[in-house]
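Peer 1: I'd like to ask some things about the structure below.
All of the numbers you see were taken from the coordinates with simple rules; none came from a lab. Since this is a predicted model, take the numbers as computed values, not measurements. For neighbour counting, all protein chains shown are included, and Cβ atoms are generated from backbone atoms with ideal geometry for every residue, glycine included.
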C-alpha cells in the first residue's frame, strides 16, 4: 500500500507542479505584455521591473492553484486509467477511496499552503509590488505609507495623520494635523472628523483647533468647515491605498471591528473575510470534483479532454463563487453562507458523481 501511495503521489505531484508552472508562465507572460509598454515609457530600471514580476508570483500561485489541482487530478487519474494501472490496483484489492487518498491528501496540503501564502506572503508581496510600480518605476511620491488605515503624511511644516481612508467617498476620517514652526516645534494642532479633497487642498469638517506654545495649549476654537492648503491628492492615496483584496483573514477581521467601532457597516468586508478561508479550500473541492470525472472517463480519458474539462469546471466554480459572494457583499445573503456556498454546491456535485461511478 505504501509503495502504491508513493507511486500515485509522485505522479500527481509532477502533474501538479507542471500545471502550476504552466498557468504561472501564461499569466506572467500576459501580465508582462500588458505592463511592459508603460514601464518602458516611464524609463523603469530593468532590476525594478524584474523585481515587480517576482513579487507578482505569490499572488498568481494562490489564484491558479485550485485550477492546477483540478487539472492535475484529471490528468493523473486519466493517465493511470489509460494504462490500466487503476484496473491493476483494483484487482489487487485496493478500493477507489484508497487509490485516491494520496491525491486528496496533497490537495488538502495545497489548500493549507495557499491559505498561509494568502495570509502572510501575498499582502506583503502586493504591497512591495505597488511600491515598485508607483514609486520606483512611475516616480510618484513616496510620502505616504502603504496603508488604508493609520495614514501618515508629511510636508515641510505640516504632519497629517488620518485614522482611515474611505475609497468609495475619497475622504479621510479621524484627521489630526500638526502645524510646525521653526525647529519643527508644533504651533497648532487641528482635529477634524473628516477631510474631503477639493481644489487646492482639503476641506476639513467638524474642526477643533488648538494653539500650542512652550507653556502648553493657549487657545481652542471650533468650526464646522475649514479649508486646508495641502499638496496631498486622492491620486497619491490611490497609489498606496490598501484594498480589501490585499488583506488576509486576520487583517480583514481587525478592519471589520474597526469599522463597527466607527459606526460603519462592514458587511462587504465580512463576506470577503470569510472568503479568505473558503477560497483556499477550493483546491480540495476541485480534487473531490475531478476524481469522479476522471474515473467516469475511464481509459477513454485523454490529455486534451482533461485540460478542457478542468478549464470548464474551474471557470464554472469561480463564476459561481463570485456571483454568490456579490450577494453576500451587498447584504442580500449572510456573509458566511455567501462565502461558502460555491464550495458546498461543488462538493455536493462531487459526492453525487462519486456515488454514481461504475465500481
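Peer 1: Relative to the first principal axis of the alpha-carbon coordinates of the chain, what is the inclination of helix 46-82, with its axis defined by its Cα atoms, in degrees from 0 to 90 and to the nearest 10?
Peer 2: Helix 46-82 sits at roughly 20 degrees to that axis.
Peer 1: On a 0 to 90 degree scale, rounded to 10, what angle separates helix 2-41 from the longest Cα axis of the chain?
Peer 2: 40
Peer 1: Between 226, 218, 320, which gets the highest mean-square fluctuation from a Gaussian network model of the chain, Cα cutoff 10 Å?
Peer 2: Evaluated over the chain, the most mobile residue of the options is 218.
Peer 1: Could you state the number of Å between the C-alpha centres of the range 24-50 and the range 144-218?
Peer 2: For the range 144-218 versus the range 24-50, the Cα centre distance is 37 Å.
Peer 1: Select from 40, 76, 221 the residue whose mean-square fluctuation is largest in a Gaussian network model of the chain (Cα-Cα springs shorter than 10 Å).
Peer 2: 221
Peer 1: Let me ask something else. What FRET efficiency do you get for residue 245 and residue 17 if R0 is 25 Å and r is their Cβ-Cβ distance, rounded to the nearest 0.05? Display every interim value, and only then the final one.
Peer 2: Details: r = 26 Å, r/R0 = 1.06.
Computed FRET efficiency for residue 245 and residue 17 comes out at 0.40.
Peer 1: How far apart, in nm, are two points set 7 Å out from the Cα along the Cα-to-Cβ line at residue 43 and at residue 116?
Peer 2: Distance between the two pseudo-spin positions: 4.4 nm.
Peer 1: Now for a separate question. Treating the range 1-61 as a set of equal point scatterers at the Cα positions, no solvent, please give the Debye-formula log₁₀ I(q)/I(0) at q = 0.14 Å⁻¹.
Peer 2: For the requested q values the scattering log ratios are -0.54.
Peer 1: Now for a different question. Which angle from 0 to 90°, rounded to the nearest 10, does the C-alpha axis of helix 122-131 make with the longest principal axis of the chain?
Peer 2: 50
Peer 1: Quick one: P(r) of the range 149-240 from all Cα-Cα pairs, 10 Å bins, percents rounded to integers, in order of increasing distance.
Peer 2: The percentages, shortest bin first, are 17, 51, 27, 5, 0.
Peer 1: At residue 316 and residue 139, where each label point lies 7 Å from the Cα along Cα→Cβ, what is the point-to-point distance in nanometres?
Peer 2: 5.2
Peer 1: Based on the Cβ-Cβ distance from residue 258 to residue 185, what FRET efficiency comes out when R0 is 51 Å, to the nearest 0.05?
Peer 2: 0.95
Peer 1: Can you tell me the length gained on complete extension of the stretch residue 163 to residue 233, counting 0.36 nm per residue apart and subtracting the Cα distance? Display every interim value, and only then the final one.
Peer 2: On the way: separation 70, 0.36 × 70 = 25.20 nm, distance 1.67 nm.
Between residue 163 and residue 233, full extension yields 23.5 nm more.
Peer 1: Round to the nearest 0.05 the FRET efficiency obtained for residue 154 and residue 51 when R0 = 41 Å and r is the Cβ-Cβ distance.
Peer 2: Details: r = 26 Å, r/R0 = 0.64.
Efficiency computed from Cβ-Cβ geometry: 0.95.
Peer 1: Which whole-number percent gives the relative contact order of the chain, counting Cα pairs below 8 Å spaced six or more residues apart?
Peer 2: Working: 539 pairs, mean separation 68.5, N = 359.
Computed value for the chain: 19 percent relative contact order.
Peer 1: On to the next question. If you build a Gaussian network model of the chain, linking Cα atoms that sit under 10 Å apart, which residue out of 230, 337, 285 swings the most?
Peer 2: Of the options given, 230 has the highest mean-square fluctuation.
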